[in-house]
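For reference, the structure discussed in these notes is given below.
The values are calculated or read from the model by the stated rules, or taken from the named source; none is laboratory data. Predicted model, so just to flag it, every value in this text is computed and none were measured. When we count neighbours, we look across all protein chains shown, and the Cβ atoms used for this are built from the backbone with ideal geometry, even at glycine. Areas reflect the complete protein model, heavy atoms only, side chains present, ligands, DNA and RNA absent. Shrake-Rupley method; radii C 1.70, N 1.55, O 1.52, S 1.80 Å.
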Amino acid sequence: MEISGASEIYLNRLGPKSPTSPVVLSVPHAGRIYPDALMAQTRLDEPQLRALEDRHVDTLVRPLAEQGYSVIIGTVARAWIDLNRSEREVDPSMITPRPSPGSFDISVKVRGGLGLVPRRLGKYGNIYRHPVSQRDLADRIYRAHRPYHAAVSDMLDAARRRFGLAILLDCHSMPPLRPIDGTAPAKIVLGDRNGKSAAPIFAARAASICREGGFRTVLNAPYPGGHILARHGKPERDVHGLQLELCRSLYLDRSHDQPSPAHVHLTELIGQIAEGLAEEAMSPPDSLAAE
């Protein structure tokens, strides 16, 4: 298919081109580029659409590129395309001409309005005025989704070739969780798709670092990891994937819009996690086999 539109690729690669650590960091949901085509199609304004962002997570991770880590950041707004969904996670009702339901994967996320092209946004309702054309959808996939995943895959392959294994730390943020049965909610959620995307030793090491830092941390609930971990986390191929969800109250102001003074401490924490994961990756093989 011939793809129309501009040639811009919505991707930033930071840090060394050839990885100097087995740990690669990715940030798929912090993009702040709102294409004109999106704004012409949406019934919401940009401040409302920002609710879909993992607001400023990219600024938490960028400094790690200066420390020698390879970092991959998606720069386009999640409202345009969600890089943490597969190309098949599409609501057919959003596409014109309407495809058959069997053409796509109607996952729980799709049914909830948060597929490859998000349909709904919380209290604001529908995002788009009209269905998106098949050509438009293909254009978004071609310009943003495939380049992002190709960059992640290439960097992980390079890290695995150099170090024997690779670890993806996929960085996100979450709204504050609600207390359950009077118990204080977690401030950090680490996901490994319930043990499917990484050897247990990596989630355990990351959780230990977070807890030592004073953060209430849980595994996989309510965020076990999405398409990025499913696609790239392949422990049987010596490529491991962890998702890191940080409560927005930890690094943003009360409006959850701008970085707070605590912002720098979260960058330090992510750096500590990356360092700890790298140490585990470089430890003797027996430590991984024991898991």
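Here are some notes:
- Given (1) within 30 Å of Asp154 (Cβ to Cβ); (2) open to solvent by 60 Å² or more (accessible area, probe 1.4 Å), index of the condition Ala40 fails: (1)
- For the stretch 44-59, the candidate set comprises residues that are more than 16 Å from Pro28 (Cβ to Cβ) and outside any helix (DSSP H, G or I); within that set, the residue that is most open to solvent (accessible area, probe 1.4 Å) is Asp45.
- Test: residue in the stretch 40-54 that is closer than 18 Å to Leu266 by Cβ and among the charged types (D, E, K, R): yes
- In the stretch 115-139, the residues that are in contact (Cβ under 8 Å) with a residue 40 or more places away in the chain form Cβ pairs under 7 Å with partners that are of a type in the set (Asp, Glu) and in a loop (DSSP other than H, G, I, E, B), at six or more places apart or across chains, as follows: Pro118/Asp82.
- Filtered residues of the stretch 60-79 (kept if of a type outside the set (A, V, I, L, M, F, W, C) and either within 18 Å of Tyr34 (Cα to Cα) or assigned to a loop (DSSP other than H, G, I, E, B) (or both)): Gly68, Tyr69, Gly74, Thr75, Arg78
- Hey, Ser153 within 28 Å of Ala199 (Cα to Cα) and of a type in the set (Ser, Thr, Tyr) or not: yes
- When the stretch 218-267 is limited to residues that are over 19 Å from the mean Cα position of the chain (by Cα) and part of a helix (DSSP H, G or I), the one that is farthest from Ala203 (Cα to Cα) turns out to be Val264.
- In a residue-by-residue description of the stretch 154-161, the property of being farther than 23 Å from Ala30 by Cα, in a helix (DSSP H, G or I), modelled with pLDDT of 95 or more and open to solvent by 70 Å² or more (accessible area, probe 1.4 Å) applies to at least one position.
- Leading residue by the ranking (most open to solvent (accessible area, probe 1.4 Å)) among those in the stretch 69-96 that are in contact with a strand residue (DSSP E or B) (Cβ under 8 Å, 6 or more places away or on another chain) and hydroxyl-bearing (Ser, Thr, Tyr): Thr96
- Residue identified as acidic (Asp, Glu) and in contact with a Leu (Cβ under 7 Å, 6 or more places away or on another chain) among Asp139, Asp238, Asp157, Asp181: Asp238
- If the condition is being closer than 29 Å to His256 by Cα, hydroxyl-bearing (Ser, Thr, Tyr) and surrounded by 21 or more Cβ atoms within 10 Å (Cβ to Cβ), then the stretch 162-210 contributes only Ser173.
- When the stretch 80-103 is limited to residues that are in a loop (DSSP other than H, G, I, E, B) and at pLDDT below 90, the one that is farthest from Tyr142 (Cα to Cα) turns out to be Ser100.
- Test result for Val189, in a strand (DSSP E or B) and over 18 Å from Ala274 (Cβ atoms): no
- Condition check for Ser283: free of Cβ contacts under 8 Å to residues at least 12 places away in the same chain and assigned to a loop (DSSP other than H, G, I, E, B): yes
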